[in-house]
Amino acid sequence: MDRGPFLDLVAELSGDPALLEATVAAARGSSPVVAELPEEETRRHTRALTDGVLAALRHDGEPGPGALAAAEALGSDRARQGVPVADFLDGFQAGRAFLVHALIAAGRARGVPADALLEGVTRIDAVTTVLIQRMVHAHRVAELELARTARESHQQMLRQLLHGEPVPVTEPLDPDAAYHCVVSDVADPAAAAELEGVLTAQGHGLAGLVDGRLAALVTRLPERRPHGPLLVAAPPARPARAADRYALVRRALRAGETAGLTGLWRLTDLALLTATEAEPDLGLLLAAELLDGLDPGDAFHRELAETALSYLDHGGRIEPTAAALHVHGNTVKYRLRRLHDLTGRSLTDPGGGPAVPHAAHWWWALRRWLAEG
């Protein structure tokens with residue numbers, strides 16, 4: 001059988017960035033736990049494994065050292081991130097299935113013989129079976145290593161507290177003390193270890209990877225910095241209330257990630273952002289009503305919306321808005337007037353209604369309109 005056409009197809013798809021991104025999306029979409037991980041974390045592993053599988057197909061051999069090392073790293077990292085083996089295998093299998101379907105579809109479109117495609121798919125199954133064995137073994141080894149340490153028992157207590165499971169609160173936590181529940185966007189174990197030291201250095205507490213992200217219960221928060229990893233911290237509460245705070249902080253973290261925030265934020269600072277991000281359809285309806293005179297495809301209209309949003313973010317003050325946008329104050333005034341002309345609505349005058357809901361509705365509508373456009 002001439003397998004040349006199939007191997008040519010594999011070589012062509014090996015460097016396709018769109019194929020990689022679609023495979024990442026398939027893996028994230030198949031497992032809620034995997035989807036909670038930062039996208040770059042999934043992309044890093046997916047790129048290494050996809051390259052390994054395609055390289056094995058091109059050379060008609062077993063997975064090479066690079067692919068085997070990538071499989072072991074994936075299994076080990078997911079164990080240390082607290083991701084169960086079944087969840088990360090769901091993501092891997094979904095990515096594998098997408099890759100197979102993409103190869104078959106592309107092969108048919110190029111006229112690759114059916115026998116060559118069938119043999120190629122069989123070869124993929126053989127290669128991925130070896131990789132799965134390596135992943136599962138590495139995951140189990142990492143779990144056993146963690147289970148042998150007091151650290152893992154502490155982190156297990158942390159996970160149980162944040163998940164609302166009944167567990168005795170023991171050292172290093174005090175059941176009667178109050179702790180900030182902190183969740184970060186950090187998933188890489190090495191970076192998590194560094195950030196863990198920063199969080200726990202401020203006082204008593206406990207930190208570890210929970211649901212793929214570094215989370216902590218700490219008595220004191222580190223100094224607030226505008227840059228670095230995104231962290232959201234809830235007001236202090238006893239460990240018995242940690243699960244409720246954890247659920248809120250995770251929602252706020254997702255909203256902060258969508259907004260591109262960095263650094264440490266208090267949960268209460270993100271209350272409005274969290275609530276509005278949870279109702280995107282309602283935000284779109286609000287945008288359709290308030291901004292019906294704007295065209296999302298018009299660059300000037302988007303400039304008007306961005307200026308109005310910055311104006312609201314800066315307390316309705318012209319000069320801070322102008323400084324943030326690097327324009328003259330008169331430019332800000334002009335853009336706000338044009339926005340009023342195009343929408344027929346006032347950004348600042350509630351027309352006799354409550355001022356706070358008026359401003360909040362505009363802020364919500366502008367953010368959603370810009371995000372969708």
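The values are calculated or read from the model by the stated rules, or taken from the named source; none is laboratory data. These numbers come from a predicted model, not from an experiment. Quick reminder, even Gly has a Cβ in these numbers, built from the backbone with ideal geometry, and neighbours come from all protein chains shown. Just so you know, the surface numbers come from the protein's heavy atoms only, side chains and all, with ligands and any DNA or RNA stripped out. Shrake-Rupley method; radii C 1.70, N 1.55, O 1.52, S 1.80 Å.
With every protein chain left in place, what is the accessible area per residue of the stretch 68-225 in square angstrom, probe 1.4 Å?
Solvent-accessible surface per residue comes out at 46 Å².
Please label the shape of the chain as rounded, prolate or oblate, based on the square roots a ≥ b ≥ c of the eigenvalues of the alpha-carbon gyration tensor (a/c under 1.5 means rounded; beyond that, a/b larger than b/c means prolate, else oblate). Because a/c hits 1.5 or more and a/b fails to exceed b/c, the chain counts as oblate. Near the amide H of Ala233, within less than 5 Å, lie the amide hydrogens of Trp265, Arg266, Leu267, all on another chain or at least 5 residues away, with H placed in the peptide plane. Helix-only arithmetic for the chain: the sum of -39500 (n - 2.57) across DSSP H runs with n ≥ 4, divided by the residue total, places the mean residue ellipticity at 222 nm at -21000 deg cm²/dmol.
Expressed to the nearest 5 percent, the antiparallel share of DSSP beta bridges inside the chain is 80 percent.
Amide H to amide H distances under 5 Å link Arg238 with Tyr179, where only residues 5 or more positions off or on other chains count and H is placed in the peptide plane. Angle of helix 17-30 to the longest C-alpha principal axis of the chain, folded into 0 to 90 degrees and rounded to 10: 80°. Each Lys and Arg adds +1 at its Cβ and each Asp and Glu adds -1 at its Cβ; summed about the Cα centre, the stretch 196-286 shows a dipole of about 360 debye. Working from label points 7 Å from Cα in the Cα-to-Cβ sense, the Ala299 to Thr149 distance is 5.3 nm.
Computed over protein heavy atoms with a 1.4 Å probe, the carbon and sulfur contribution to the accessible area of the chain reaches 55%.
Would you mind getting the accessible area per residue of the stretch 230-373, heavy atoms of the protein chains only, 1.4 Å probe, in Å²?
On a per-residue basis, 51 Å².
This model, with +1 at the C-beta of Lys and Arg and -1 at the C-beta of Asp and Glu, gives the chain a dipole about its Cα centre of some 660 debye. Couplings 3J(HN,Hα) of the stretch 182-199, computed from phi: 10, 10, 10, 9, 8, 10, 5, x, 5, 5, 5, 4, 5, 5, 4, x, 5, 5 Hz, in residue order, whole Hz [Karplus 6.51 cos²θ - 1.76 cosθ + 1.60, θ = phi - 60°; x for Gly and Pro]. Taking the average, over residues, of other Cβ atoms within 10 Å as the packing measure, peptides 317-326, 226-235 rank 226-235, 317-326 from highest down.
Highest mean first, the peptides 208-218, 109-119 sorted by other C-beta atoms within 10 Å per residue fall in the order 208-218, 109-119. Compared with the dominant principal axis of the Cα atoms in the chain, helix 65-80 is inclined by about 50°.
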